[in-house]
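The values are calculated or read from the model by the stated rules, or taken from the named source; none is laboratory data. All of these numbers come straight from a predicted model, not from anything done at the bench. Here Cβ is always computed from backbone atoms with ideal geometry, including for glycine, and neighbour counts include all displayed protein chains. Side chains are part of the model used for accessible areas, which takes the heavy atoms of the whole protein and leaves out ligands, DNA and RNA. Shrake-Rupley method; radii C 1.70, N 1.55, O 1.52, S 1.80 Å.
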Amino acid sequence: VGGAALRAEAEAERRELVDRLVGVFRSEDTAPADFPRLMAQSRGWGALAEAVFSRLDELAEAAGAEGGDPEEELELRRLARQLRGAHADVGGYDETLRAFFDLEEEHWEGAVALRRKELSSGFFAFVKDKVQLNKDDPDELERFANAGARISSLCHAYDEVSSDGEAMREAQQNFEHVLDADTPEAFDGRIDDLASRGKIDPAFLMLSAKAYSGVKQTDLVEDDVKDIMKYLYDRARDSFYQDEPAEVKILKYVCSLTNRAARREALQEAFTPGSNYTDGDTEYLSTAPD
């Protein structure tokens with residue numbers, strides 16, 4: 001009996017919470033444009049969404065019954081459609097962000113190339129809402145804030161490169177030229193030739209990243225093709241970033257550090273004069289504050 005009473009009490013509380021949510025969404029102070037924000041900033045929305053939809057359908061049926069209010073029924077059904085649409089959008093944004101978190105950051109460039117259409121203003125508003133939701137959790141706040149900044153910068157770079165039609169056409173030709181090589185030696189030779197002529201540029205790097213990310217995420221492509229695309233992408237990245245100015249490399253390293261004290265310390269080290277050299281896989285760089 002005690003267990004049944006507790007379940008009944010919990011169900012009553014849940015129903016009350018659902019009705020309060022319905023009231024919030026029906027309020028004149030809440031516009032449809034606010035729905036995604038309210039959903040993204042709620043920790044409990046996912047568990048209550050279907051209950052809210054069902055309650056709205058229930059209220060609409062009651063309003064449409066004999067002696068009811070037809071206008072209220074239309075209002076409730078329109079609200080239910082709007083909420084379902086916003087819920088689907090927020091779910092899509094969450095799925096996209098999780099897809100990035102499931103990847104190593106070095107593969108985000110390719111993911112942006114594949115998913116650029118999904119990375120809309122609504123997506124970035126969702127990321128900001130997640131930052132706001134986690135304002136009392138410094139680690140999670142920084143995780144979402146860094147992800148938003150990183151993806152935004154990659155989108156900007158992608159758009160800049162994509163807008164240069166001539167560069168994209170040349171990069172596509174060079175990309176196909178490399179893939180047409182008959183032997184591994186010829187393959188490497190063509191990459192080295194492009195690098196020596198400065199043709200491993202942002203457009204070529206973007207195509208390499210997009211191709212590798214595309215084959216990596218499907219089971220319909222043979223493993224040897226995936227290996228080739230990975231090798232081409234890795235070679236292109238190594239060649240492209242090797243020619244970056246020391247200041248750019250230092251800034252990228254500093255930004256990769258998650259602790260602010262570590263960032264300040266790294267900058268102080270970078271401003272300490274010293275020779276720029278490579279020791280194994282580690283590159284030592286220095287610069288001046290200006």
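Below are the figures for this structure:
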{"read-out": "Any hit, segment 166-185, residues being among the small types (Gly, Ala, Ser), within 28 Å of the chain's Cα centre (by Cα) and in a helix (DSSP H, G or I)", "value": "yes"}
{"read-out": "Hits in segment 212-251 (condition: touching a residue at least 60 places away in the same chain (Cβ under 8 Å) and among the aliphatic types (A, V, I, L, M))", "value": "none"}
{"read-out": "Helices (runs of 4 or more DSSP H) fully within segment 41-144 counting 3 or more residues that are more than 30 Å from Tyr158 (Cβ to Cβ) and out of contact with any Ser or Thr (no Cβ under 6 Å at 6 or more places or on another chain)", "value": "45-64, 70-101"}
{"read-out": "Test for Glu283: is it in a loop (DSSP other than H, G, I, E, B), under 27 Å from Leu103 (Cα atoms) and charged (D, E, K, R)", "value": "no"}
{"read-out": "Pairs where the first residue, in segment 101-126, is free of Cβ contacts under 8 Å to residues at least 40 places away in the same chain and the second is open to solvent by less than 40 Å² (accessible area, probe 1.4 Å), C-beta under 7 Å, 6+ apart", "value": "Leu103/Ala111; Arg115/Thr96; Glu118/Thr96; Leu119/Val112; Leu119/Ile151; Leu119/Cys155; Phe123/Thr96; Phe124/Gly148"}
{"read-out": "Members of segment 210-227 that are surrounded by 18 or more Cβ atoms within 10 Å (Cβ to Cβ) and either out of contact with any Lys or Arg (no Cβ under 8 Å at 6 or more places or on another chain) or assigned to a loop (DSSP other than H, G, I, E, B) (or both)", "value": "Lys210, Ala211, Ser213"}
{"read-out": "Among (1) under 27 Å from Phe123 (Cα atoms); (2) loosely packed, with under 15 Cβ neighbours inside 10 Å - the single one Ala40 does not satisfy", "value": "(2)"}
{"read-out": "Filtered residue count, segment 126-145, keeping only those that are surrounded by fewer than 15 Cβ atoms within 10 Å (Cβ to Cβ) and under 16 Å from the mean Cα position of the chain (by Cα)", "value": "1"}
{"read-out": "Odd one out for Leu17, checked against (1) open to solvent by 50 Å² or more (accessible area, probe 1.4 Å); (2) over 30 Å from Leu141 (Cβ atoms); (3) among the aliphatic types (A, V, I, L, M)", "value": "(2)"}
{"read-out": "Residues satisfying the stated conditions in segment 189-209, i.e. among the charged types (D, E, K, R) and either open to solvent by less than 50 Å² (accessible area, probe 1.4 Å) or assigned to a loop (DSSP other than H, G, I, E, B) (or both)", "value": "Arg197, Lys199, Asp201"}
{"read-out": "Lone qualifier among Ala63, Ala80 - being without any contact (Cβ under 8 Å) to a residue 24 or more places away in the chain, surrounded by 15 or more Cβ atoms within 10 Å (Cβ to Cβ) and under 27 Å from Ser42 (Cβ atoms)", "value": "Ala63"}
{"read-out": "Unique match (being within 28 Å of Phe126 (Cβ to Cβ), of a type in the set (A, V, I, L, M, F, W, C) and either open to solvent by 70 Å² or more (accessible area, probe 1.4 Å) or at pLDDT 90 or above (or both)) among Ala181, Ala186, Ala167, Ala149", "value": "Ala149"}
{"read-out": "Criterion violated by Thr272 - all others in (1) surrounded by 12 or more Cβ atoms within 10 Å (Cβ to Cβ); (2) hydroxyl-bearing (Ser, Thr, Tyr); (3) modelled with pLDDT of 85 or more satisfied", "value": "(1)"}
